[in-house]
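Undergrad: Questions regarding the structure given below will be posed in turn.
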Amino acid sequence: MYKLIIHKKALKFLKKRNDNEKVQIDAKLKLLKSNPYPTNEQLDIKKLQNSNFYRLRINDYRFIYEIIDDELIILLLQAGNRGDIY
């Protein structure tokens, strides 16, 4: 199981969500901690081109993260609406 570290910007975004969205996002992030790679069929994950970052899609939101395998850490760097992330 990976440890999830959430960057300050992403945390600020998550705090603004309503309770229903927080529950959905929390459930997906728990699944992400078990398998953060695109092989996870329960999540919509894609590797971003020409980088070491991945994109997780939850409803209309996008989450950009990086995986540090040596330490089993997922760094959640950005979160936001699709237009704000790309």
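Undergrad: Here are some residues: L56, L4, L72, L76. Which one is at pLDDT 95 or above and over 10 Å from the mean Cα position of the chain (by Cα)?
TA: Numbers: L56 fails: over 10 Å from the mean Cα position of the chain (by Cα); L4 fails: over 10 Å from the mean Cα position of the chain (by Cα); L76 fails: over 10 Å from the mean Cα position of the chain (by Cα).
One residue alone meets the criteria, L72.
Undergrad: Right, something else. Would you list the strands (runs of 3 or more DSSP E) that sit entirely within the range 1-71 and hold 1 or more residues that are free of Cβ contacts under 8 Å to residues at least 60 places away in the same chain? I'd like the intermediate steps shown before the answer.
TA: Details: elements: 3-6, 44-47, 53-58, 61-68.
In the range 1-71, the matching strands (runs of 3 or more DSSP E) lie at 44-47, 53-58, 61-68.
Undergrad: Right, another one. Output yes when any residue across the range 21-32 is in contact with an Asp or Glu (Cβ under 8 Å, 6 or more places away or on another chain) and more than 17 Å from K3 (Cβ to Cβ), and no when none is. Let's see the steps before the verdict.
TA: Taking the range 21-32 first, the residues in contact with an Asp or Glu (Cβ under 8 Å, 6 or more places away or on another chain) are none.
Among the residues of the range 21-32, not one is in contact with an Asp or Glu (Cβ under 8 Å, 6 or more places away or on another chain) and more than 17 Å from K3 (Cβ to Cβ), which makes the answer no.
Undergrad: Now for a different question. Residues in the range 49-64 that are of a type outside the set (G, A, S), surrounded by fewer than 12 Cβ atoms within 10 Å (Cβ to Cβ) and at negative phi: how many? Write out each step before concluding.
TA: Filtering the range 49-64 for residues of a type outside the set (G, A, S) gives 49-50, 52-64.
Applying the additional criterion that residues be surrounded by fewer than 12 Cβ atoms within 10 Å (Cβ to Cβ) yields 49-50, 52, 59-60.
Of the ones still in play, those that are also at negative phi are 49, 52, 60.
The total comes to 3.
The values are calculated or read from the model by the stated rules, or taken from the named source; none is laboratory data. Keep in mind that this is a model prediction, so the values were computed, not measured. Ideal geometry is used to build each Cβ from the backbone, glycine not excepted, and the neighbour counts take in all protein chains shown.
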